[in-house]
Amino acid sequence: MADYKTFSIETDADGIAVMTIDLPGKSMNVWNGDLIDEFTAFMDEFAANEDIKGLVVTSGKESGFLAGADLTMFGGMPKDAGPKDIYEANLRLQNALRRMETAGQDPKALMKGQATAKPVAAAINGLALGGGMELALACHQRFASDNGKVQLGQPEVQVGLIPGAGGTQRTQRLAGVQKAIQDCSLGKPMKAEEAKAAGYIDEIVPHGELVESAKAWCRENPKSVQRWDKKGFKIPGGAGAMDPRAVPVYAGASAMAQGATNHNYPAVRRILSAIYEGAIVPFDTALRIESKYFTQCLMEPQAKNMIRTLFVNKGAAEKGMARPEGVPKAELRKVGVLGAGMMGAGIAYVTARAGCEVVLLDRDVEAAEKGKGYSVKLNEKAISRGKLSKEKSEEMLGRIQPTADYNDLADVDLIIEAVFEDPKVKKDVTEKTQAVIRDDVIFASNTSTIPIKNLAKNFERSKDFIGIHFFSPVDKMPLVEIITPEGCGDKALATALDYVQKIKKTPIVVADARGFYCNSVVVPYLNEAALMVKEGINPALIDNCAVHMGMPVGPLALMDETSQELGWSIAQSAMEEEGDDYTPNGVEDLLKLFVEDLGRKGRKVGKGFYDYPEGGKKEIWKGLSDHFPLQNDQPSADEVKERLMYVQLVAAARMYAQDVVHDPQSADLGAIFGWGFAPWTGGPMSHIDTIGLEEFVRTADSLAQKHGEKFTPPQMFRDLAEKGQTLYGQAEKAAA
Ligand code: NAD
């Protein structure tokens, strides 16, 4: 038997082969070029070799079964790859799975009972997502471990694709049309029990008996044929336009899928088409239909943008793309966190969860203990949901040492400061810390608004001073901005990136400008929404338009979250600092009214643009229209959406033009993971490329005429538009 690198094959005395997939050098199995080549080669052998009577497919990885396709494969396709190339590349995997399922027999002969296939069983030990779930579904029988780690799911839609290895067809043939539409178009993972109830899993067995159970099933079913290759097979619950049971299901499920994704994902429409059309034709034709729709997705800019940002560039950033070469990896055994307030407590939690010791310092031990209490609460929640064991929680909490004594910082390897946003307090704690830490320790500040270069002056080794800017709540928000002030050394940047990698977040490196990158875009976006309120635009229209555009929450709700109080305090300090140079943004009076006159300081006090009744649902504050009466003629939803979209696009464009964010990749990552910018676009820079620079400049200029200079696009974008270039094209050229 040939020697394979991506899996091993062991055949027992009964002729049952066990394929253990274990991609060398990877923490998780994925479909990549090597695995597809070898899997295809083995399936020829499986079909031809009469000594192999059956097959069990399992994984050699503790991390799971197989987590989908390596999407960088698509990035690696020739730039001029056309639809035919993509269609055929996709068919290769479909065909290999089909060969496994039929043991190379003619499906018509199987259907007529003139031939049989060979039994194939999946032994699923953990995550089986995307192409991993599709591999499992192509097996005749599926066994899942009871280890609690098994999850099945078809998340392709989240990168603009449809399942392309039979997912849309096998899900409906196992679980029915409604469940298939739900699973393929929402992309949510499901646990083993739910998958079993749906019909995707046949048996959940004790972990130690997983492979043996699958082997036993193969021995007991030597003449196995896949369900849909048997005569008389029917999709459970009915399918097709002529089936009266299925017709309302198509209507309802389509509305549900499009409603949940607000028509922003063209892949959803294609999933619905693939499921509908595929139900009424023979299985092999259905696979080709799926492949056609898969190809259409990949030919569109949207899927390319999403794959590039959410997969390729995210992965590259997390692997340390921006890390300076030649600096040894930082050993981060113990981290000092200064300030145990909202941010410090969150930072202590993610750091201890990553396995580091944490010294959590505040003004007194009580405050520090309270900060540690945040980790206690999060752990209790995780324990109650069965996501964390008591022992692991104890161990993790044992790593957090609350203190008010600076001497406890003597042996830390990194400092992260998150005390009050007050330069004097920051100066004081920096000097006290400097006096006790080793002279090779990097000092990072989590300030939101104070220039890092000003804070670095408080530290003797200013080259070792850097900004590590988290977002709130720290345990949930995936992005971290790393701010390199002038004179910042390579070691500081490398250490900051090593730290962010350790806590498993996504870093972008940005310049030391007021608000850095993300807040420089979020603030004008929130202000625009507040201006709309002042103009008398219906607040529900404003927030709903943002959600329909793909933002996770509306800007008014977001402003309540971040708090009007913070907005007002930022505005006040900018006015104070900039004096006569301060340019009013038009919402100062609204913020002052909310905070000082009305006490509507934000969600934290239960009052902002919305009211937050205890235990009830939030609702727009009824008194809002007394202060800002509604216009009789409300703008159209398209107008509101365009304004909310372009205020972000132009602000992000300015940050790129000013080199606050250094490349389109980071601008896109920061937007999606920092403030939830509509993920279906691939980020603001990708979206501008998709719109086309010329069109972007034209629309922005016309908005500037109506709503002011904040919509005026930067000159750099006009120049690129004139030259007919794209942002990514130009950045790639510059990098080369
Ligand atoms: P917070 O008020 O919740 O916490 C500040 C903590 O610092 C308090 O526990 C306070 O007791 C402690 N502290 C004050 N003076 C101290 C001293 N002399 N020595 C030791 N501890 C002291 O504030 P926060 O929201 O956690 O913000 C902290 C920092 O993080 C600020 O610089 C802020 O700009 C920044 N930040 C905040 C957010 C946010 O959304 N809140 C987001 C990113 C960054």
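Just so you know, all these numbers are worked out from the coordinates, no wet-lab data involved. What you see is a predicted model, and the numbers here were worked out from it, not measured in a lab. Neighbour counts run over all protein chains shown; Cβ positions are idealised from the backbone, glycine included.
Annotations for the structure displayed:
- Alpha-carbon geometry of the stretch 519-735: the Rg and the Dmax are 17.8, 56 Å, given in that order.
- Dipole check for the chain: with +1 at the C-beta of Lys and Arg, -1 at the C-beta of Asp and Glu, and the Cα centre as origin, the magnitude is about 2040 Debye.
- Mean Cα-pair separation over length for the chain, i.e. relative contact order, pairs under 8 Å, 6 or more apart, %: 9
- Across the cross-link table entries 191/504; 432/601; 149/502, which are compared at the Cα atoms, the separations over 26 Å belong to 432/601.
- Span per principal axis, largest first, for the Cα atoms of the stretch 299-347 (Å): 49, 34, 13
- Paramagnetic reach from residue 258 (point 7 Å along Cα→Cβ, amide N under 17 Å) across the stretch 275-308: 275-277
- Within the same chain, aspartates and glutamates fewer than 8 places from residue 392 are excluded, and of the rest, those with a Cα less than 17 Å from its Cα are 357, 380.
- Relative contact order (%) - the stretch 568-653, alpha-carbon pairs under 8 angstrom, separation at least six: 12
- Scoring 411-424, 628-641 by mean Cβ neighbours within 10 Å over their residues and listing the highest first yields 411-424, 628-641.
- When both the stretch 255-317 and the stretch 346-424 are represented by their alpha-carbon centers, they are found 43 Å apart.
- Gyration tensor (alpha-carbon) shape descriptor, the stretch 38-109, a/c threshold 1.5: oblate
- Normalised contact order of the stretch 519-735, rounded percent, pairs of Cα under 8 Å and 6 or more residues apart: 21
- Helical runs (DSSP H, four residues minimum) scored at -39500 (n - 2.57) apiece and divided by the length of the chain put the mean residue ellipticity at 222 nm at -14500 deg cm²/dmol.
- Straight-line reach from residue 505: taking Cα to Cα under 16 Å and skipping same-chain neighbours fewer than 8 places apart, the lysines in range are 314, 319, 476.
- Ranked packing of 119-132, 556-569, most packed first, by mean Cβ within 10 Å: 119-132, 556-569
- Placing +1 on the Cβ of every Lys and Arg and -1 on the Cβ of every Asp and Glu, with no other charges, gives the stretch 519-735 a dipole of roughly 560 debye about its Cα centre.
- The lysines whose alpha-carbon is closer than 26 Å to the alpha-carbon of residue 108, local same-chain residues fewer than 8 away aside, are 53, 118, 223, 230, 231, 234, 292.
- Each peptide in 198-205, 164-171, 586-593, 287-294 receives the mean, over its residues, of other Cβ atoms within 10 Å, and ordering these scores from highest gives 164-171, 287-294, 198-205, 586-593.
- Estimated dipole of the stretch 7-299 in Debye, rounded to 20 [Cβ of Lys and Arg +1, of Asp and Glu -1, Cα centre]: 1140
- Between the stretch 174-191 and the stretch 69-135, the C-alpha centres lie 19 angstrom from each other.
- Where only C-alpha atoms are counted, convex hull volume of the stretch 334-513 per residue in Å³: 97
- Whole-number D in µm² s⁻¹ for the chain, Kirkwood Cα-pair radius fed into Stokes-Einstein, 4 °C, 1.567 mPa s: 46
- Rounded FRET efficiency, nearest 0.05, which uses the C-beta distance separating residue 735 from residue 630 and R0 of 56 Å: 0.65
- With respect to the chain, whose longest principal axis is taken over its alpha-carbon atoms, helix 283-299 is tilted by about 20°.
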